[in-house]
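**Q** Quick one: structure below, then a few questions.
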Amino acid sequence: GAVVSQHPSWVICKSGTSVKIECRSLDFQATTMFWYRQFPKQSLMLMATSNEGSKATYEQGVEKDKFLINHASLTLSTLTVTSAHPEDSSFYICSARDWRDPGQGVYEAFFGQGTRLTVV
Amino acid sequence: QKEVEQNSGPLSVPEGAIASLNCTYSDRGSQSFFWYRQYSGKSPELIMSIYSNGDKEDGRFTAQLNKASQYVSLLIRDSQPSDSATYLCAVNEGFQKLVFGTGTRLLVSP
């Protein structure tokens with residue numbers, strides 16, 4: 001399958017600071033990437049769809065000014081958590097679909113390793 | 001809002017048994033279906049994808065799709081303790097997005 005790399009794997013920051021998370025597609029071009037958030041023992045919550053060269057599409061209830069998404073190239077999307085607070089502590093995961101070739105009939109989605117954010 | 005339903009479990013099976021994981025979805029127009037495995041503290045890993053009615057086998061895993069019943073399942077044969085994880089069912093919404101179920105936690109005891 002395709003490879004999606006996310007960095008950093010974990011980060012601790014002070015309340016009020018900003019944190020940037022990078023998501024890269026290593027062996028394919030991803031015109032669209034997805035950002036998820038996951039709290040302990042809960043399922044994935046889609047935050048936004050990141051579109052290369054255009055504005056991200058945010059899901060209802062997600063603050064676009066707090067979670068800044070930039071998709072400047074076909075292989076890189078970034079999520080910046082601005083003015084982070086302890087309630088923003090969570091597991092953030094990016095995903096991209098490989099549109100090159102349908103994997104066994106469908107276009108499959110692959111996930112980055114995830115970033116565990118702790119705000120103190 | 002499209003819905004994907006899974007029993008949260010835990011589903012407990014002994015080592016060597018067949019684990020059967022089930023998922024139902026609300027959108028009759030859904031075309032593509034996926035099973036992901038997620039270990040605690042890790043991101044989801046794609047196990048199987050399926051888009052045609054019937055069975056699709058890959059090693060110890062078999063995905064089963066019944067679009068008329070809006071039902072997709074995952075069978076894991078010869079279950080191993082290393083299969084203990086949360087299994088997420090995902091269904092296409094529109095052209096790009098995936099809608100995930102809440103996951104079923106599988107416990108395989110030695």
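**Q** Tell me which GluC sites (Glu not before Pro) from region A:11-90 have a DSSP coil assignment and no more than 10 other beta carbons within 10 Å of their own.
**A** A:GLU63
**Q** Using the Karplus curve 6.51 cos²θ - 1.76 cosθ + 1.60 with θ = phi - 60°, work out ³J(HN,Hα) for each residue of region A:53-67 in order, rounded to whole Hz, and write x for Gly and Pro.
**A** x, 9, 5, 6, 9, 9, 6, 4, x, 8, 7, 5, 7, 8, 10
**Q** Within chain A, which is the longest segment that contains none of the trypsin sites (Lys or Arg not before Pro) sitting in a DSSP loop with at most 11 other Cβ atoms within 10 Å? Before the final figure, lay out the partial values.
**A** Working: sites that count: A:LYS14, A:LYS41, A:ARG100.
Excluding the exposed sites themselves, the longest stretch runs over A:42-99.
**Q** Quick one: if the Förster radius is 22 Å, what FRET efficiency do B:ASP55 and B:SER26 give, using the C-beta to C-beta distance and rounding to 0.05? Numbers along the way, then the final one.
**A** Values: r = 23 Å, r/R0 = 1.04.
So the FRET efficiency works out to roughly 0.45.
**Q** Pairs A:LYS20/B:LYS67; A:LYS14/A:LYS41; A:LYS20/B:LYS56; A:LYS55/B:LYS67; A:LYS41/B:LYS97: which exceed 30 Å Cα-Cα?
**A** Values: A:LYS20/B:LYS67 41 Å; A:LYS14/A:LYS41 25 Å; A:LYS20/B:LYS56 40 Å; A:LYS55/B:LYS67 35 Å; A:LYS41/B:LYS97 22 Å.
Those over the limit are A:LYS20/B:LYS67; A:LYS20/B:LYS56; A:LYS55/B:LYS67.
**Q** Related question: What number in nm² do you get for the protein assembly as shown if you take the convex hull of its Cα atoms and divide its surface by four? If you can, show how the numbers build up before the last one.
**A** Numbers: hull surface 49.4 nm².
Its Cα hull, projected and averaged over all orientations, spans 12.3 nm².
**Q** Right, another one. Rounded to the nearest whole Å³, what is the per residue volume of the convex hull around the Cα atoms of region A:17-90? Intermediate results must be reported in sequence, preceding the final value.
**A** On the way: hull volume 7.0 nm³, N = 74.
Convex hull of Cα atoms, per residue: 94 Å³.
**Q** Still on this model: Do any cysteines in chain A lack another Cys Cβ under 4.7 Å, and if so which?
**A** A:CYS13, each lacking another Cys Cβ under 4.7 Å.
**Q** Sticking with this structure for a sec: Near the amide H of B:GLY103, under 5 Å away, which other amide H atoms are found, from residues 5 or more places off or on another chain, if H is placed in the peptide plane?
**A** B:GLN6, B:CYS89
**Q** Suppose accessible area is computed on protein heavy atoms with a 1.4 Å probe; arrange A:PHE39, B:PHE100 from highest to lowest. Each step should come with its number before you reach the end.
**A** Details: A:PHE39 70, B:PHE100 30 Å².
Heavy-atom accessible area, descending, gives A:PHE39, B:PHE100.
**Q** Taking the Cα-to-Cβ direction at B:LEU107 and at A:GLN29 and moving 7 Å from each Cα, how far apart do the two end points lie in nm?
**A** Reported label-point gap for B:LEU107 and A:GLN29 is 4.9 nm.
**Q** Tell me the relative contact order for chain B as a rounded percent, counting alpha carbon contacts under 8 Å between residues six or more apart. Walk me through the numbers before you get to the answer.
**A** Numbers: 277 pairs, mean separation 41.8, N = 110.
Taking the mean separation of contacting Cα pairs over the length of chain B, I get 38 percent.
**Q** Of A:SER90, A:SER50, A:SER25, which has the largest mean-square fluctuation in a 10 Å C-alpha GNM of chain A?
**A** A:SER90
The values are calculated or read from the model by the stated rules, or taken from the named source; none is laboratory data. Keep in mind it's a predicted model, so treat the numbers as computed, not measured. A quick note on method: Cβ atoms are made from the backbone with ideal geometry, for glycine too, and the neighbour counts reach across all protein chains shown. We work out accessible area using only protein heavy atoms, side chains counted, and drop any ligands, DNA or RNA first. Shrake-Rupley method; radii C 1.70, N 1.55, O 1.52, S 1.80 Å.
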